Amino acid sequence: SHSPTSHYLDLSHTTAMTMMIVRYCRLNEAFRRLSCQKYFSKRHASQALYMWGTNTKGIIPSTTLGAVLEVPTKVDFITPLMKAGDSVKVSIKQVCCGNTSTGIITSDGKCYTMGDNYNGQLGLGHKTDALEATRLASPEGIEDFRIQHICMGEKFSAVIDEIGDLYTFGWDGSTFSGMGALGHGDGQSHHETPKRVESLVEDGCLVDQVHVGESHMTVLTTEREVLTAGAGSFGRLGNVDILDQLFLEPVEMMNNLNVHQIAGGQAFTLALTRDGIIYGWGRNDKGQVRNG
């Protein structure tokens, strides 16, 4: 069976991301964006960013291409971001390391990506690799696109904006590898700029967390509902089925379990409840979900 299974682990110190946006903000687009700007402030706190690994295609800022950092090494993140368009000194809110790409969100809500862009997974409006930090392209009709969370994948990526809307970009998949990972259901194989997942807006759903795998996506809404889309092989969508899903659909067995956090890998997903129980589903050939 590919249905979610549970394990008890001591994760009592895990912290939750909280959302302070009310659902009625969806009634007016302009009001929604104005009402959320207060959650981003320009901070001047002293920070140091340490990275390690191989700097393939510019994924480590201010480092020579091809350089191998074998131990955590302090890197200059301010200069690349200033060069990419930040006019004031900011601090980093989040760093996300994908397989061959990096995403950085600053304290003022701006998002920068760099690295491999073969599938448009950097969200820059093209498929050319970005050897330096480049600001994420803004969706049509949005002048000041501000982000609170990013998840970088090997073939596609996802961001949550200041309101709680979900945007995805990159490769949607294929009939061979599984399709529907972007959650748009529009039949387009690629989106090179962030595209809002309209089905969530239509259903009045705001997003708290998102995880992207190799060919599937998992979302946790602010109402603690777990949704999945994309390739169904290995049971990675959690619905006791191997069929692909072109739109985000609820993982029914996780309903009413008060999910606190989601995580996962290429073809599996984990969900942590506030009771400290971890549920896992998907590929388990190497014990990914610790079952069997």
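The values are calculated or read from the model by the stated rules, or taken from the named source; none is laboratory data. For clarity, every value in this text was computed on a predicted model and none was experimentally measured. Positions of Cβ are backbone-derived with ideal geometry, glycine not excepted, and every protein chain shown enters the neighbour counts. Surface areas here come from the heavy atoms of the whole protein model, side chains and all, with no ligands, DNA or RNA. Shrake-Rupley method; radii C 1.70, N 1.55, O 1.52, S 1.80 Å.
Solvent-accessible surface of protein heavy atoms, probed at 1.4 angstrom with all chains present, puts 172, 129 in the order 129, 172, largest first. The distance from the alpha carbon centre of the stretch 272-292 to that of the stretch 161-202 is 26 Å, rounded to a whole number. Each 10 Å bin from zero up to the one holding the largest Cα-Cα distance in the stretch 104-256 carries the following percent of pairs: 12, 44, 34, 9, 0. Pairs 93/155; 110/286; 93/286; 93/195; 74/195; 57/89: which are spaced more than 31 Å apart, C-alpha to C-alpha? Over 31 Å Cα-Cα: 110/286; 93/286; 74/195. Contact order, relative form, for the stretch 114-179: 28 percent (alpha carbon pairs under 8 Å, 6 or more residues apart, mean separation divided by residue count).
Peptide packing for 130-136, 188-194, 176-182 was compared via the average number of neighbouring C-beta atoms within 10 Å per residue; ordered from the highest value, the list is 176-182, 130-136, 188-194.
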